[in-house]
Amino acid sequence: MMIDGNSPIPTVRDAKRLIVKIGSSLLVDSHSHKIRRDWLNAMADDVAACKARGQEVVIVTSGAVAVGREHLGLHGRRLRLEEKQAAAATGQIQLAHAYQETLARHKITVAQVLLTLGDTEMRRRHLNGRATIDTLLRLGAVPVINENDTVGTSELRFGDNDRLAARVAQMISADTLVLLSDIDGLYTADPRKDPDATLIPEVRALTPEIEAVAGEPGAGYGTGGMVTKIAAARIAMAAGCRMVIAKGKRLHALSALDETAAAGGAPCTWFLPSAEPLTARKRWIAGHLNLSGTLTVDDGALSALGRGKSLLPAGVVAVDGDFSRGDPIAVLDRQGREVARGLSAYASGDARRIAGRRTAEIETILGYRGRDEMIHRDDLVLA
Ligand code: GLU
């Protein structure tokens, strides 16, 4: 999807692959600490409407700790890390159940995905996660994602679902990320302190001025803070994904985003990237400094690559280097010139065994059914 000057009012409606991040304060009642069923049902109705339009929807949800602490009788005080993790372990089941129940009303299948920071940072785990979420979307399910809070240690966790949602957006090349929380957008100053603060409707670059209005870590206004939201915007924009921050407390907060936009001015802030997701992703691939190996290809494969096709094992004449699945490698022509680079779908040992062979033979040779391509075109960028 192109974001350009011809579409002055961005809408959620025109997203193809949409991520909706739901903050704890929306989902969990602050007095009863129970899931707000009416709110969640309305959200599920909105999600169902998106799916009926043919949009792919991923939910990143918070609330495991908030729900679980009540259940374990841990309310009214600050929790130690292990208590939070215990609360998350209990609350997550209830969250998953609530999403499953509400989306089942629309005959939509829910899939729980729990991620750690390492799953998004390490390329192979990142690719695995992406393949799983892609598959779920292809099968029509709605992945409901949260951080795997029970195993994350303090140095190795996101801690906030704003950045987690942005990393997921990057991981699966989503085009739109909606952050619903109790903040309706980015203001020129802290609106609680400065009566002249005005909402910034659109951000096209994260300038030092924008960073400055977000405030200091920990001092950002509102639950979750603006700081993590700006950090999320940075990740999303770099991945070519647009992001919107909006207040989500009301019922049907997702569909309301479009309605109010159409009426001319939603209370929200859109962060608009300059590039499309694929371009940004391919830039990431192209920008690798260390390549772990090379594949030399024949002329047939070379011209197929030129036509935007994937690289199949049949066209590979030599494999050099020691690399793992998902590692960045170079594609060379017979003269040794780099013609492309991409992420290998196979480790070097397996790549050697299937080089020059037909895709249909892969399973027999390797004993498992891997990808049809040596490098999928989504993971490939021409030199
Ligand atoms: N993963 C946490 C939870 O589900 C929430 C993190 C956040 O609030 O952003 O409770």
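The values are calculated or read from the model by the stated rules, or taken from the named source; none is laboratory data. Computed from a predicted structure; not experimentally measured. So basically every Cβ, Gly included, is an ideal-geometry build from the backbone, and we count neighbours across all protein chains shown.
Remarks
- Top-ranked residue in the stretch 286-336 [being within 30 Å of the chain's Cα centre (by Cα) and among the charged types (D, E, K, R); ranked as surrounded by the fewest Cβ atoms within 10 Å (Cβ to Cβ)]: 307
- Residue 189 satisfies every condition listed in (1) in a loop (DSSP other than H, G, I, E, B); (2) loosely packed, with under 15 Cβ neighbours inside 10 Å except (2).
- Within the stretch 151-186, the set of residues being more than 16 Å from the ligand (Cβ to nearest atom), part of a loop (DSSP other than H, G, I, E, B) and out of contact with any Asp or Glu (no Cβ under 7 Å at 6 or more places or on another chain) comprises 173, 174, 175, 184, 185.
- Residue match in the stretch 78-95 (condition: assigned to a loop (DSSP other than H, G, I, E, B), at negative phi, among the hydroxyl-bearing types (Ser, Thr, Tyr) and within 14 Å of the ligand (Cβ to nearest atom)): no
- Qualifying residue in the stretch 107-129 (condition: assigned to a loop (DSSP other than H, G, I, E, B), out of contact with any strand residue (DSSP E or B) (no Cβ under 8 Å at 6 or more places or on another chain) and farther than 27 Å from residue 45 by Cα): yes
- Screening residue 14 with (1) away from the ligand (no atom under 14 Å from the Cβ); (2) at pLDDT 95 or above gives one miss only, at (2).
- Residues in the stretch 54-77 that are in contact (Cβ under 8 Å) with a residue 40 or more places away in the chain and more than 13 Å from the ligand (Cβ to nearest atom) were compared, and the one that is farthest from residue 16 (Cα to Cα) is 75.
- For the stretch 107-129, a tally of residues being surrounded by fewer than 15 Cβ atoms within 10 Å (Cβ to Cβ) and not charged (D, E, K, R) returns 4.
- Search result, residues across the stretch 130-140 that are of a type in the set (A, V, I, L, M, F, W, C) and either assigned to a helix (DSSP H, G or I) or buried (at least 18 other Cβ atoms within 10 Å of the Cβ) (or both): 131, 133, 136, 137
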